[in-house]
1. Regarding region A:1-15, can at least one residue be identified that is modelled with pLDDT of 95 or more and surrounded by 13 or more Cβ atoms within 10 Å (Cβ to Cβ)?
2. Take region A:346-358 and flag every residue that is surrounded by fewer than 21 Cβ atoms within 10 Å (Cβ to Cβ) and touching a helix residue (DSSP H, G or I) at 6+ places or on another chain (Cβ under 6 Å).
3. Consider residue A:173 carefully, then state whether it is over 29 Å from residue A:129 (Cα atoms), more than 10 Å from chain B (Cβ to nearest Cβ), in contact with a helix residue (DSSP H, G or I) (Cβ under 9 Å, 6 or more places away or on another chain) and touching a residue at least 60 places away in the same chain (Cβ under 8 Å).
4. Being modelled with pLDDT under 95, surrounded by fewer than 18 Cβ atoms within 10 Å (Cβ to Cβ) and at negative phi, is that true of even one residue in region B:146-160?
5. Just to be sure, is residue A:49 exposed (fewer than 15 other Cβ atoms within 10 Å of the Cβ), more than 29 Å from residue A:142 (Cβ to Cβ) and assigned by TED's automatic domain parsing to the domain that holds residue A:118?
6. Go through (1) in a helix (DSSP H, G or I); (2) within 14 Å of chain B (Cβ to nearest Cβ); (3) buried (at least 20 other Cβ atoms within 10 Å of the Cβ) for residue A:233 and report which single condition fails.
7. Since residue B:179 meets every condition but one in (1) at pLDDT below 95; (2) touching a helix residue (DSSP H, G or I) at 6+ places or on another chain (Cβ under 8 Å); (3) more than 21 Å from residue A:204 (Cα to Cα), which condition does it not meet?
8. Could you tell me whether any residue of region A:202-217 is surrounded by fewer than 22 Cβ atoms within 10 Å (Cβ to Cβ), part of a helix (DSSP H, G or I) and within 11 Å of another protein chain (Cβ to nearest Cβ)?
């Protein structure tokens, strides 16, 4: 890609000027159409140091109203705080919303190639991160994002000249770092690393565009031309259906909901005793996982009135409030709805050593969003794999991911609904929507069965909590949480 | 992909039966919708010997009316005749037409992996062929094809058992070849080769589906399920716009049509003398390229009445009729229109040692099809790169590709049109359409300029034939053809 890069002839000054004006106007004209079409546009600028990425970004954004774009400037090296999240996290929180642009002044490429060049990343880590990047880029494209990827290319000689010019000037001296000189000195080795990365990530939906950055105006024209062309293509498409990929993850066998016996109970005495013991154990473990920097994600789904709230409460009671958070997930806010559906969950990840409990989760995609047609059929069909990939990313990062389905039967739900209705202090807990959902019990049940079968991966299976006796369900949840955290702590000990 | 392949649990007999019936009916129901949507469906079956590909194809097609599908059975080894064409040729002539299925009982994978396993292909050849395959699969998907790729997977032990069972039976003994035993003996090495190929070609638009082929009915169910899912997804999409890729080929500088002086002439005497000499040279060269097995493709485009016919005639006169063909290209026949637009040109390639002259070409895509809106804007915008890739495939194969634009000015065309109109024996050469096209001279000129700029690659540039003096143009064409063929012959000599 870089080694056999074909420079297009740079146009003469007059033509260059004319074409620049034309492309600038075009981009200006696109911003309203992008807004109307609700198209989210990610523009990734990568390339050699001093190749002029920042300066071109500065030019490009002049054609867009500030309400419609943002620039994210990313360092090659994440901060210590950022390092406590999966490496994609700091980029993904920056996702643009539908109808807007986000320009990344270096993105996930630089972190990876820098890691390889400086020998901070092993070949296995490189492979894994490239896989993660290809996966997230595919997910974003499949979900309607336009991703334009530009690599700014200059020669070793040109780079040296520019660095020298900056260094020689008292006012710009500070802009040249040791790293810049290092890259120039190791230009050929870096080129090999960049070349490989570009090849490894040059996929159909989001191909690379190499920019001849030997001249600023010319670089700007190339970027604008490709960007406008990409926007034009993307605007032509409406709600694409993308291929459903084969499951490639080991799945655990889980029973259908109808097959689950719901007669499990526990006496009050047993409950009190066990609860105390288990909570004490969990409290202890929370310290250990904090020290070992293990992130834990506990995801709750279940029937209305199944007892999620009380169950979560018994877990949370045992935890140090500084080390956990409960994320209640309602229908998405407008700014959340305007983004990739997994965004608000990426955004709520715990950092290492912390616990995040989700009261309802990303699985809304294949339940309420599916059944209420809030997304297309193709969207929720693809989602099983997307969520398996998401959780794989989390467990590869080192997280413990525990998913609970809190289960009751239809009669129990009716009894609890009626009780809520008839008890003044519980009436806030029951709404018309609950009754409406109840009418759809059967279609929900079949969607939930499909969800449990398709997303009980070996690394993040579903656990069913039989919750006709809520106390039984609470003890079971505590036991599973303790067992899984213990396993992770022990694994980290033995290393 | 194969090594960490996750077998889904095979359903119990009864469920398997029920789901098979359901999927068979679904496929049956899809055939009319596929026809209506004009969706061409390619289904590629690859995998281990004795994995049961043929038997599953036999089952699958039972659900489709014979008017709507064909099966292409391909050998791993091309015939000597097929070897005289580019390796993709024998597969591409089999392309299904819009609205129909084509099932390939092994396709381009087997030829490549077989070549690697048997050490008939060098690593460089492997890389190049994988690139070719990724390119053509992308082109087909971009142009509306659904490509479903199945790999039939069985264990070494299972394969051995099946081969032994066939060999032990007098009636089936003949079905087990030396190659089958060889594959089983070298199972692990072959697995490595397959694994790599699957990974190298597992692209977004046409991902691989690995079929657990340990049981026939179960294999059939998996194939039907994925196939139906793929069809369902494809039917949801209508005229997608796909990304326009950056040009990656070295381009030659060419003047704009308006900049070309058209005052070049030659005297009758010079013409006669030179024509004779040049034709003699070309005759000689035709023998040489035949012996050296060099294929030659000469492509003519030009203004109406520019003198293409006479020009082609002077080339053809010098050639041995057994070794060349002139392909006049009119608007596509229905069966051609129903396929990938490059199909009718793939289909008319010369074999090695032969010459094919195209009187009008695949460039119709970016001229008449563009200007008359016979294809979408995205289609013709993508076509420059698709044609560059097509010609790259041809020159990599060893072909000489020469492209002529036969050029006159607007006044000259008017004079020739008028002359044709007024001369009874020439009247057949002029139609109302010619006059209509003439009115669009300016838009054609700008489309032609764009075409010449974007497709004058280093390996297959455009040559302008100034044809106000037709004789001058003929001599120039002969000289270029001679020079280019000579170059190729000399290059093959020195090897």
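1. Checked region A:1-15: no residue is modelled with pLDDT of 95 or more and surrounded by 13 or more Cβ atoms within 10 Å (Cβ to Cβ).
2. Correct list: A:351, A:352, A:353.
3. When the stated conditions are applied, residue A:173 does not pass them.
4. no
5. no
6. (3)
7. Failed condition: (2).
8. no
The values are calculated or read from the model by the stated rules, or taken from the named source; none is laboratory data. Since the model is a prediction, treat every value here as computed from it, not as a measurement. Glycine gets a Cβ as well: all are built from the backbone with ideal geometry, and neighbour counts include every protein chain shown.
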